[in-house]
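The values are calculated or read from the model by the stated rules, or taken from the named source; none is laboratory data. The shown structure was predicted, so the numbers you read here are calculated from the model rather than taken from an experiment. Glycine gets a Cβ as well: all are built from the backbone with ideal geometry, and neighbour counts include every protein chain shown. Only protein heavy atoms, including side chains, enter the accessible area calculation; ligands, DNA and RNA are left aside. Shrake-Rupley method; radii C 1.70, N 1.55, O 1.52, S 1.80 Å.
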Number of protein chains: 2
Amino acid sequence: MTIHHQPDKAAPSKDLIDAVRAFNRFYTRQIGLLDEGLLKSAFSLTEARVLYELAHRDGLTATDLGRDLGLDAGYVSRLLKKFERLHLISRVTLVSDARQSSIALTPAGRNAFAPLNKDSHDQVAALLDRLPASEQDRLVNSMRTVQRLLDDSGEPKIPYLLRPLQVGDIGWITRRQGMLYAQDYGWDETYEALVAEILANFVKSFDPKWERGWIAEREGEVVGSVFVVRKSDQVAKLRLLYVEPSARGLGIGKRLVDECIGFAHARGYKTLTLWTNDILTAARHIYQAAGFKLIEEEPHHSFGKDLVGQNWDLEL
Amino acid sequence: MTIHHQPDKAAPSKDLIDAVRAFNRFYTRQIGLLDEGLLKSAFSLTEARVLYELAHRDGLTATDLGRDLGLDAGYVSRLLKKFERLHLISRVTLVSDARQSSIALTPAGRNAFAPLNKDSHDQVAALLDRLPASEQDRLVNSMRTVQRLLDDSGEPKIPYLLRPLQVGDIGWITRRQGMLYAQDYGWDETYEALVAEILANFVKSFDPKWERGWIAEREGEVVGSVFVVRKSDQVAKLRLLYVEPSARGLGIGKRLVDECIGFAHARGYKTLTLWTNDILTAARHIYQAAGFKLIEEEPHHSFGKDLVGQNWDLEL
DNA sequence: ACATTTACTTGACTAAGTCAAATATCAGGA
DNA sequence: TCCTGATATTTGACTTAGTCAAGTAAATGT
């Protein structure tokens, strides 16, 4: 199996752009509705946002607030002056820079913020409560996805992690491999069926001493996988290596293959073998770099295409 | 296989609420950033929103605009007066109600809106362009999910539709069934493997004349499925009936079974048989209602549980 | 040391939005 | 038919929220 090229970068389609714009309009209204509830308080919406930031983060400066909330510096200055007059905040000039000061809510400030916070919390709770639990999860997952994709504040701390198989994985891997190869190479549904069959057999006859699977996960999502199965006492087979297009370039493919080799070695196998197709060049590079040698090639007709299958072996 | 009860409704957890609130704060800022770009124009943000609505929907009244955009009636009135003064809109008093009028953009109005629209379009295009194509899709899918879940403006026009199998389905069905039965009944990963195996065989030995699968789709998402496979000239077997918890109560389960029966009948089978487990009560009700008779029961140990398997037959 | 930049403040201003009262019309019932 | 209460829109009077530019003081780079 294989690793693909970086996906092509065409101009985003009009459909996608329109969908994003529709969402923006929708959410503008949604936020407006939620904010209405907060308008009964003594604070304006922006004041409430500032209080929220102050309540949840320490050591903020006026500049931080303006930048993070997208506010004019003069406006922030006045807001803070008002809060100070009401004894809701205290400012301590920074030793590192006498122009700035670290702003913190006073106990009175926390008291003033508490009802705002509760209102907002209750309002969101009411919103969620209209949905069944399973849909609440879907909503929050989708929100997290949107936020993560749009928020380019750096890469995740942990680029990815490897874990063993769990329920749901084999279906997911089947689906993603089926779709990827259909999209990139035009393979038909028999490839997806083959993946399903391989994984079904893997689970059915799983022997933890001799076999293993690795799932690469990134931000809670499966982004790659690989399996080692026993062919004989001497020979292990690497199967179903794949990495999501969105997670390529992180070295996940190489890492997965290395894990397989390490495992096969530790278990005393003499040979690690694998079958792939010649068109899957990115995967081939990984195999070659890991020391696999091409043993034989043979044309075959599978998955609706004429292909050239390859067997590669690594002597351990 | 089976259909489950409506999911329980507990108070939303604090984690979920906090995640939604975090998203709201994030998106408030996000919208603020996008809107900044539009502020260079001669129109305010709200004016631009009004123009957008007018450009995309016909026959709006002032009240419609105020309601849909969450604006004060007096403010809308003034905005419209300004637009009228600039000859951007025309108003035609409704024959049905002389107080209201239908508002439409004039050609000049469309001209004025065009650059705004283009700026907004380009800005979103630029936003999307930072992401690889696969992530653009994920972003938009997630946005659509959020929008659909929060927008309670009635049920979808088409509650669901049935379609044949396509690439990606068998993995998805495998995953969802595996996860549902693990969650609801504690079945282990061997059940997911069984689903994968059944579906792999279905595809591998698929005979369109004698066999068929149906996927129930709702708003672009798979919410159920069922398969009929050939056991002999005389006997067809119904397999893997399932309906997503979020789509229950729409009669999808019954509809899927009816399709199976109709197909089996049309193909000249004499018997439609199926295997299920006694704990799957919702499914049993559907089978009974469709005329299936319980033929035999036997205890078995599978999927990490002690279960009672049942064979049901329907004479056609 | 000097020029430039950054953090914040302040005065002067305007756009954006709110609120309440007024007017015209409609819908339904006595 | 007229009356009552509601709805759609308008208008005047007002407040709030936010902008812009100029200024001060401290920090940073050269």
**Message:** Suppose we filter the stretch A:249-288 for residues that are within 23 Å of residue A:307 (Cβ to Cβ) and touching a helix residue (DSSP H, G or I) at 6+ places or on another chain (Cβ under 8 Å); how many remain?
**Reply:** 11
**The lone exception for residue B:63 - which of (1) more than 23 Å from residue A:32 (Cα to Cα); (2) within 12 Å of DNA strand D (Cβ to nearest atom); (3) of a type in the set (Val, Ile, Thr) it fails** = (1)
**Complete:** Here the residues within the stretch B:145-183 that are basic (Lys, Arg) and open to solvent by less than 40 Å² (accessible area, probe 1.4 Å) are B:163
**Item:** Positions within the stretch A:39-53 being closer than 20 Å to residue A:143 by Cβ and within 12 Å of DNA strand C (Cβ to nearest atom), in sequence order
**Value:** none
**Prompt:** Restricting the stretch B:128-144 to residues that are at pLDDT below 90 and open to solvent by less than 50 Å² (accessible area, probe 1.4 Å), which is farthest from residue B:228 (Cα to Cα)?
**Reply:** B:131
**Complete:** Of (1) open to solvent by 80 Å² or more (accessible area, probe 1.4 Å); (2) assigned to a helix (DSSP H, G or I); (3) within 16 Å of DNA strand C (Cβ to nearest atom); (4) not β-branched (Val, Ile, Thr), residue B:74 fails just (1)
**Item:** Odd one out for residue B:43, checked against (1) surrounded by 15 or more Cβ atoms within 10 Å (Cβ to Cβ); (2) without any contact (Cβ under 8 Å) to a residue 40 or more places away in the chain; (3) more than 12 Å from DNA strand D (Cβ to nearest atom); (4) part of a loop (DSSP other than H, G, I, E, B)
**Value:** (2)
**Complete:** Of the residues in the stretch B:271-285, those that are β-branched (Val, Ile, Thr) and in contact with a strand residue (DSSP E or B) (Cβ under 8 Å, 6 or more places away or on another chain) come to B:271, B:273, B:276, B:279
**Message:** Would you confirm, using the coordinates I've provided, whether residue B:97 is within 13 Å of DNA strand C (Cβ to nearest atom), over 19 Å from residue A:19 (Cβ atoms) and in a loop (DSSP other than H, G, I, E, B)?
**Reply:** yes
**Message:** Taking the criterion of being within 17 Å of the chain's Cα centre (by Cα) and at the interface with chain A (Cβ under 7 Å from one of its Cβ atoms), would at least one residue in the stretch B:118-137 satisfy it?
**Reply:** no
